[in-house]
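Derivation of every value follows stated rules applied to the coordinates shown; laboratory data play no part. Not measured: the values here are computed from a predicted model. Here the Cβ is made from the backbone with ideal geometry for all residues, glycine too, and neighbour counts use every protein chain on show.
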Amino acid sequence: MTETESIIALGFAVRITAGSLPKGLHSLDLSRNKIAIIEGLRDLTRLRVLNLSYNRISRIGHGLSSCTAIRELYLAGNKIGDVEGLHRLLKLAVLDVSFNKIGTAKSLGQLVANYGSLRAINLLGNPVQANAGDDTLRRAVSGLLPRIEYLNKQAVKPQRAREVAKDSVAQAALGNAAGANSRRRPARRLGQSPAGSSAAKGRRGSRGRSVTRPQSSSLPLPRR
């Protein structure tokens, strides 16, 4: 497997086992599974994009403490009440925690550790929207994260369309990218033959890029 390859794992995974994923992985999509605990990722020190949306996660914990290269983190549609455990992700630029259980602006307090890198955050669908109101929430987030540029898929300050088109963070923040892997090479589903295998080589196009084909939707990770 090449270091720049992405993996999309679909199915009914409930646990990520340490050592089950390639250490050089750059992009990992584990959305829409049944994962309740963020674990088994300590070896993924080169991971840049992680999608754990629509699982059963109630807290972030320390499961991402070794993944210090993460730039985009998608945790939408879980059960997270407090945004914590991200203080070591000093390159984090995009954070999506929409449709969780974040009730107050105080629950975002630990993001102060990410003030130097975080440019976009999505809090849509959380109780904090109704509890605090959009204007109060905007002021609270801007005070906590002075470099924030995008809140809830909207630019904090007006931007030109040309600037947005050239900005990958803007595209992710505004939802112009269809998922965590849309701006990267075609992703390999877990269980598919590595790009260097003879099977993969047989599917390569004229420019040497492998073509992703549908595989089984089950994620071959052990269940509890």
What does the charge add up to near residue 106, with Lys and Arg as +1, Asp and Glu as -1, over the other residues with Cβ less than 12 Å from its Cβ? -2
Taking a label point 7 Å from the Cα of residue 131 along the Cα→Cβ vector, which residues of the range 50-91 have an amide N closer than 12 Å to it? 81-83
When Rg is the radius of gyration of the Cα atoms in the range 56-124 and Rh is its Kirkwood radius, what does Rg/Rh come to? 0.91
Simple label model, 7 Å out from Cα along Cβ direction - residue 87 to residue 115, nm: 1.5 nm
Note down the nm distance, to one decimal, between modelled labels 7 Å out along Cα→Cβ at residue 139 and at residue 46. 4.7 nm
